[in-house]
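Here is the structure we will look at, set down as structure tokens.
The values are calculated or read from the model by the stated rules, or taken from the named source; none is laboratory data. Please read these numbers as outputs of a predicted model, since none were measured by experiment. In this analysis, Cβ positions are derived from the backbone assuming ideal geometry, glycine residues included, and neighbour counts consider all displayed protein chains. Just so you know, the surface numbers come from the protein's heavy atoms only, side chains and all, with ligands and any DNA or RNA stripped out. Shrake-Rupley method; radii C 1.70, N 1.55, O 1.52, S 1.80 Å.
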Amino acid sequence: MKKFQVDTGGTLLTSLKAYYKLNDVNDFYGSFNMTNNGAATFVSGKVGNCVDCEKSSSQYLSVANNLGIDGGAFSMAGWVNVEATPTGGAYYSCFGQGSAGTSTAYRIYYFDNAGTPTFQFSRTKQNTADQSFSYITTLTVGTWYHIVLTYDGTTVRGYINNVEVGTVAASGKGSGGSTLSTIGDRWSTGTQWDGTIDEVGFWDKVLNATERSD
């Protein structure tokens, strides 16, 4: 039976749609295996192995699927470890999910904001509006951080190491767009992560504080 090592309330499998241990490209929980773009490698990680994305080689993982999530409550979570602080306007994308059905996309990225390292948690109504907030912080190179985005139908919330770092009101659908879910990339050229990513999950619900901690 597939289960989490720590699951205090026995609820982490509830509404879980895809989970990537990142020992390889396979979906550990479901059937949404990813494609390895740019020949990313798998190295020792936070738990077992992880994916190592080299931005200079445009390395990332992706699947042309919404992971069975198409509107409503949503969460995505994972561990990230950066190998260099972004400079010169660079964007490092953590992970994201998109759906053509609702014309929405969720993304988390770490970027150089005019010389200030910043996280952005985003819900994009494609071709309509970007509902996002920024959080200024500098990640320590070589250190693992747990990153979570949740959406409850009205508000996007972001967490770093289970501490809420911001919110933004968000609702409605966009127009057009495509379905693509990614690890280590956004949806445009040059936004790949630079470092390692591990243990990424996508849920069709809002993770509560206990679930985030577990």
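Assorted remarks:
- Rounded to the nearest 20, the Cβ-based charge dipole of the stretch 1-99 about its Cα centre (Lys and Arg +1, Asp and Glu -1) stands at 200 debye.
- Ligands, DNA and RNA are left out, and with a 1.4 angstrom probe the accessible area of the chain is 40 Å² per residue.
- Cα Rg over Rh - the stretch 1-109, Kirkwood: 0.96
- The stretch 123-214: projected area of the alpha-carbon convex hull, averaged over directions, in nm²: 6.9 nm²
- D152 accessible area, assembled protein chains, probe 1.4 Å, Å²: 80 Å²
- When the stretch 102-214 is described by a simple charge dipole with +1 on each Lys and Arg Cβ and -1 on each Asp and Glu Cβ, the residue from W144, G158, G172 located farthest towards its positive end is G172.
- Three semi-axes of the equivalent ellipsoid, the stretch 1-50, Cα gyration tensor, whole Å, largest first: 23, 14, 7
- Sequence ranges 49-57, 156-164, ranked by mean other-Cβ count within 10 angstrom, highest first: 49-57, 156-164
- For the stretch 68-160, the fraction of C-alpha pairs farther apart than 21 angstrom is 31 percent.
- Normalised by 2.2 N^0.38 Å, with N the number of residues, the alpha-carbon radius of gyration of the stretch 53-111 equals 1.29.
- In order along the stretch 88-102, the Karplus-derived 3J(HN,Hα) couplings, from 6.51 cos²θ - 1.76 cosθ + 1.60 at θ = phi - 60°, round to x, x, 5, 10, 10, 8, 7, 7, x, 9, x, 9, 6, x, 9 Hz, and Gly and Pro are given as x.
- Debye-formula intensities of the chain, expressed as log10 I(q)/I(0) at q = 0.14 Å⁻¹, are -0.77 (one equal scatterer per alpha-carbon, no solvent).
- Under 23 Å of direct C-alpha separation, and excluding same-chain neighbours fewer than eight residues apart, K2 reaches these lysines: K17, K21, K46, K205.
- Carbon + sulfur, % of accessible area of the stretch 61-214 - ligands and nucleic acids excluded, 1.4 Å: 45 percent
- GNM flexibility winner over the chain from T179, T143, T191 (Cα, springs under 10 Å): T143
- 3J(HN,Hα) from dihedral phi, the stretch 148-164, Karplus parametrisation 6.51/-1.76/1.60, rounded to Hz, x for glycine, proline: 9, 10, 10, 9, 10, x, 10, 9, 8, 10, x, 9, 10, 6, 6, 10, 5
- Applied to the stretch 45-57, the Karplus parametrisation 6.51 cos²θ - 1.76 cosθ + 1.60 on θ = phi - 60° returns per-residue 3J(HN,Hα) values of x, 5, 10, x, 9, 8, 8, 10, 9, 9, 4, 5, 9 Hz, with x for Gly and Pro.
- Candidates per trypsin sites (Lys or Arg not before Pro) in the stretch 1-34, loop by DSSP, up to 14 other Cβ within 10 Å: K2, K3
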